[in-house]
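What follows is a single structure, written as structure tokens, with notes after it.
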Amino acid sequence: MIKKFADMIYLDNDVERLIILRKRLNKSQYEFAHDIGISTSYLGLIENYKYPFTTELKERIDQYLKQEQEIYEKDLFGHK
């Protein structure tokens with residue numbers, strides 16, 4: 001399971017990493033944007049290099065991944 005955004009495979013930039021992550025999670029732009037608390041249009045602008053990939057966005061993604069891991073572990077082991 002992916003634990004942090006920075007733990008992903010090496011890519012040239014964070015936008016490429018973001019797109020790969022979203023697709024690996026099998027999420028649409030709408031679903032992933034909703035999950036990390038941003039608008040679909042904002043995510044689209046970032047993925048198309050129209051807006052910068054910010055530290056705040058990285059933190060939101062890391063927080064989302066942490067929550068997903070906790071849910072996964074709770075479901076898998078039936079506790080926590």
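The values are calculated or read from the model by the stated rules, or taken from the named source; none is laboratory data. Everything quoted here is computed from the prediction, not taken from an experiment. Heads up, the Cβs are rebuilt from the backbone with ideal geometry, glycines too, and the neighbour counts pull from every protein chain shown.
Report every pair of residues separated by at least 6 positions or lying on different chains whose Cβ atoms are under 6 Å apart, first residue within the range 26-53 and on the phi < 0 side of the Ramachandran plot, second charged (D, E, K, R) and part of a helix (DSSP H, G or I).
What qualifies is Phe32/Arg22; Ile36/Arg60; Phe53/Asp14.
At least 1 residues that are modelled with pLDDT under 95 and not polar (S, T, N, Q) in each: list the helices (runs of 4 or more DSSP H) lying fully within the chain that qualify.
Because the criterion is at least 1 residues that are modelled with pLDDT under 95 and not polar (S, T, N, Q), the helices (runs of 4 or more DSSP H) in the chain that meet it are 14-24, 55-77.
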